[in-house]
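Everything below concerns the one structure shown next.
The values are calculated or read from the model by the stated rules, or taken from the named source; none is laboratory data. All figures in this text were calculated on a predicted structure; none of them were measured in a lab. Every residue, glycine as well, gets a Cβ built from its backbone with ideal geometry; the counts of neighbours run over all protein chains shown. When the accessible area is computed, the model is the full protein with side chains, heavy atoms only, and any ligands, DNA or RNA have been set aside. Shrake-Rupley method; radii C 1.70, N 1.55, O 1.52, S 1.80 Å.
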Amino acid sequence: MLPWVFISLTSTVGLLTAASVFGQPIVQFINHVDCCLDTFGNSSHGDLNGLTGVAMLGAYDVDLARGVLDRDDMTIEFCSGACAMGRFRYFGLRDGSECVCGSTVQRIPPCNGGGCDVKKCAGNNSQSCGGTKKISLHENIYTSANGSYKSMASTEIALITVLEMLVRRVYWSQEATVAFECLAACHRSPDCLACAFVRSSRMCRLMRFAAVPSEVASEAQWVWVKL
């Protein structure tokens with residue numbers, strides 16, 4: 001298999017065809033949803049806990065206990081892109097530099113009095129990034145999944161590091177005899193954003209992020225990312 005091969009897996013006949021799109025969930029546009037109270041404080045941020053247990057996302061450190069990505073160059077776009085690695089629907093910005101992700105916001109009350117413009121984004125002072133105990137909530141709108149995948153060398157895709165006890169939050173495994181079975185399994189699961197075939201053990205690694213755990217990168221040469 002050559003690097004940078006683009007394939008499309010159809011749900012009916014499993015035909016592999018050419019496609020040419022980027023190797024990560026693509027955000028079509030960003031909606032600002034509301035200014036919300038962070039009633040959960042520094043512990044879990046309510047439903048915006050998608051990164052809890054993650055220690056590294058690509059080159060960036062994550063506060064694994066709180067699920068917070070804290071950067072002194074934080075922007076709305078940066079937080080959107082980080083949360084897109086897990087295809088999270090929602091992301092929130094807090095206290096000027098903190099980014100959190102989640103798939104639902106049912107437990108986050110609205111902040112009727114506003115206050116999310118108190119802190120400017122650390123990386124762009126023309127943007128608002130919440131306030132103290134207030135989250136500027138946004139929604140990632142993704143392009144519709146079209147059954148396409150991009151193959152990437154495992155050494156070229158972003159890495160993700162997670163607590164060992166929480167590995168299932170990042171990937172799960174199932175038996176397979178050929179790589180195509182991994183692609184088919186990933187295609188069937190809405191939770192799968194990338195997959196890898198481990199030839200030596202005849203196992204699929206099905207990943208919940210468009211990023212590969214270091215242990216998977218060490219055992220599989222190629223990763224297929226759902227687009």
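Hey, can you tell me all the residues within segment 125-146 that are open to solvent by 10 Å² or more (accessible area, probe 1.4 Å) and in contact with a Lys or Arg (Cβ under 9 Å, 6 or more places away or on another chain)?
Ser126, Gln127, Ser128, Thr132, Lys133, Lys134, Glu139, Ile141, Tyr142, Ala145
May I ask you to list the residues in segment 42-58 that are of a type in the set (Ser, Thr, Tyr) and modelled with pLDDT of 65 or more?
Thr52
Kindly indicate whether Ala122 is open to solvent by 20 Å² or more (accessible area, probe 1.4 Å), assigned by the TED database to the domain that holds Leu48 and either at pLDDT 90 or above or of a type outside the set (A, V, I, L, M) (or both).
On the way: open to solvent by 20 Å² or more (accessible area, probe 1.4 Å): yes; assigned by the TED database to the domain that holds Leu48: yes; either at pLDDT 90 or above or of a type outside the set (A, V, I, L, M) (or both): yes.
Against the criterion (open to solvent by 20 Å² or more (accessible area, probe 1.4 Å), assigned by the TED database to the domain that holds Leu48 and either at pLDDT 90 or above or of a type outside the set (A, V, I, L, M) (or both)), Ala122 qualifies.
I need the strands (runs of 3 or more DSSP E) fully contained in segment 152-227, keeping only those with at least 3 residues that are surrounded by 14 or more Cβ atoms within 10 Å (Cβ to Cβ) and at pLDDT below 95.
159-162, 222-226
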